Amino acid sequence: MTVFAGVEAEHIVTGRRPNTVAGDTDRKTLINLATERNYDGDIKAAELYLKWLQYRTRKLLESPMVWCAVKALARALLDKKTIRYKEAETVIQKAYRDLFEAQKRR
């Protein structure tokens, strides 16, 4: 799902799917892994499984809680190029608190 998250987040923000070589390479790698390890070479089954994973990724990103965390991390990454786990955790927790406070005020 991690492989799909960037592409799906970009699609949500821009309204279009990015056309990237990296995404294509990741997808080919995923298909190869899925067919070799999980579906005994059945490419169609692997592709359907990956489509489902992409769909689930999109649905998770559309969740207000998940999306507020994504936006908060994206903003933090604009200030810094690298964020360590503990800092990311703090950013996400603050985003959740802010979201809950905003929902209480409604």
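Scanning the range 54-73 for residues that are surrounded by fewer than 16 Cβ atoms within 10 Å (Cβ to Cβ), in contact with a helix residue (DSSP H, G or I) (Cβ under 8 Å, 6 or more places away or on another chain) and touching a residue at least 40 places away in the same chain (Cβ under 8 Å) returns a single hit, E62. If the condition is being at pLDDT 80 or above and surrounded by fewer than 11 Cβ atoms within 10 Å (Cβ to Cβ), then the range 14-50 contributes T14, G15, R16, K44. Specify the residue that is modelled with the lowest pLDDT; the eligible residues are those in the range 74-98 that are closer than 19 Å to G6 by Cα and surrounded by fewer than 10 Cβ atoms within 10 Å (Cβ to Cβ). Ranking the candidates gives K81 first.
The values are calculated or read from the model by the stated rules, or taken from the named source; none is laboratory data. These figures come from a predicted structure and were not determined experimentally. Here Cβ is always computed from backbone atoms with ideal geometry, including for glycine, and neighbour counts include all displayed protein chains.
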